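Have a look at the structure below before the remarks.
The values are calculated or read from the model by the stated rules, or taken from the named source; none is laboratory data. These numbers come from a predicted model, not from an experiment. Here the Cβ positions follow ideal geometry from the backbone for every residue, glycine too, while neighbour counts run over all protein chains shown. Keep in mind that these areas ignore ligands, DNA and RNA; they rest on the heavy atoms of the full protein, side chains included. Shrake-Rupley method; radii C 1.70, N 1.55, O 1.52, S 1.80 Å.
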Amino acid sequence: MTRLFVNVDHVATLREARKTVEPDPLMAAQIAEKVGADGITVHLREDRRHIQDHDVERIRAAIQTPLNLEMAPVEEMVQIALKTRPYQVSLVPEKRQEITTEGGLDVASQIEDLVKMKDRLQSGGILFSLFVDPDARQIEAAAKVGADSIEINTGAYSEIKGGLEIEAALEKIRQSATQAAALGLHVFAGHGLTNENVQAIAAIPEIEELNIGHHIVARSVFCGMEQAVKEMMASVKEISVHDVGQA
Ligand code: PXP
């Protein structure tokens, strides 16, 4: 069954709007876990616009499920990861001016640097994942790096409103998932996923894990974090909301 990792960044976005202590992303992570989320994801951005260093430490220490740390492929972040020892690091490209991650990592142009980073992180017992667009060249490069997994960027898919374009975007993701699995990579996906568009992605057999944040936190404003995570768990695992947490 596809695993759901809940990204709690935007709980911290709200807190940072006031530079105060609430709402606490750790509390969101604990609620997500209580309802059955398989893991927690945080993105420690270089500009610290939402998650702070102390959040990574506190969340790592307090949660029972695995922590996936998204970060830019830069030395500062590698050192933080080696100190905090999350279950997994996912490397994502970062631009200061972007509102959110805009695309996958250009793995092909930095294979050697990424191999060095991977070796250091894997030696620290941390799984190494690369966030890539559904692009055959980048997936091949990720396999050359020796990554444990890739996370396919579903951002472009999630921006399409309907029609034939959706099927074309899905087909690209399916082909990428098949290619990556054939190369021995574990396959994850994420970005822009909602209760409405996640089912087609969760149905792709090679996709093992999804990272979903914004939609869950947005829903939680109106229905609470527990209900928002339950709804997403039901969508991802294709079960009824009432059966979430029963298995
Ligand atoms: N995966 C990656 C690599 C991301 O950068 C993000 C956003 O931080 C997500 C998944 C989650 O995306 P969303 O918040 O749109 O669900």
Rounded D (µm²/s) - region 1-109, Kirkwood Rh over Cα pairs, Stokes-Einstein at 10 °C, 1.306 mPa s
111 µm²/s
Give the cross-link partners of K237 among the aspartates and glutamates, using a straight C-alpha distance below 20 Å as the criterion and excluding same-chain residues fewer than 8 apart.
E33, D38, E151, E196, E206, E208, E209, E226
Hey, any idea what % of region 1-61's accessible area is carbon plus sulfur with a 1.4 Å probe?
53 percent
For region 1-61, which GluC sites (Glu not before Pro) are in a loop by DSSP, counting at most 14 other Cβ atoms within 10 Å?
E46
Mind checking the log10 I(q)/I(0) for region 141-238 at q = 0.20 Å⁻¹? Debye, one equal scatterer per Cα, no solvent, two decimals.
-0.97
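For region 99-193, which GluC sites (Glu not before Pro) are in a loop by DSSP, counting at most 15 other Cβ atoms within 10 Å?
Values: sites: E102, E112, E140, E151, E159, E165, E167, E171; in loops: E102.
When the GluC sites (Glu not before Pro) of region 99-193 are filtered for loop state and at most 15 Cβ neighbours within 10 Å, E102 remain.
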Could you tell me the accessible area of L14 in Å² (1.4 Å probe, neighbours in place), rounded to the nearest ten?
110 Å²
Check R3: other-chain or 5+ apart residues with amide H under 5 Å from its amide H, H built from backbone geometry?
E209, L210
Which sequence of D55, D38 reflects their accessible areas, 1.4 Å probe, from the largest down?
D38, D55
In units of 2.2 N^0.38 Å, what is the alpha-carbon radius of gyration of the chain?
0.95
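At 0.36 nm per residue, minus the direct Cα-Cα distance, what do Q79 and K144 gain on full extension? Give it in nm, one decimal, please.
Stretched fully, the Q79-K144 segment lengthens by 21.1 nm.
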Test of understanding: given the chain, find the longest segment containing no trypsin sites (Lys or Arg not before Pro) that are in a DSSP loop and have at most 12 other Cβ atoms within 10 Å.
162-247
In whole percent, what relative contact order does the chain give with Cα contacts below 8 Å and a gap of six or more residues?
19 percent
Determine the relative contact order of region 173-247: mean sequence separation of Cα pairs under 8 Å and six or more apart, normalised by residue count, in whole percent.
26 percent
Using the alpha carbon gyration tensor of region 36-183, what are the three equivalent-ellipsoid semi-axes (square root of 5 times each eigenvalue), largest first, in whole Å?
26, 18, 15
Roll a 1.4 Å probe over the protein chains and send me the accessible area per residue for the chain in Å².
46 Å²
Name the aspartates and glutamates eligible as straight-distance cross-link partners of K19: C-alpha to C-alpha under 15 Å, and not fewer than 8 places from it in the same chain.
D9, D47, D53, D55
Note on region 45-155: contact order normalised by length, alpha-carbon pairs under 8 Å, 6 or more apart, percent, works out to 23 percent
Per residue, how big is the convex hull of region 55-138 when only Cα atoms are used? Give it in Å³.
110 Å³
With only helices counted (DSSP H, runs n ≥ 4, each -39500 (n - 2.57)), the per-residue ellipticity at 222 nm for the chain, to the nearest 500, works out to -14000 deg cm²/dmol
Quick one: putting +1 on the C-beta of Lys and Arg, -1 on the C-beta of Asp and Glu, what dipole do you get for the chain around its Cα centre, in Debye to the nearest 20?
500 debye
Under 20 Å between alpha carbons, and skipping anything fewer than 8 positions from K118 in its own chain: which lysines qualify?
K83, K144
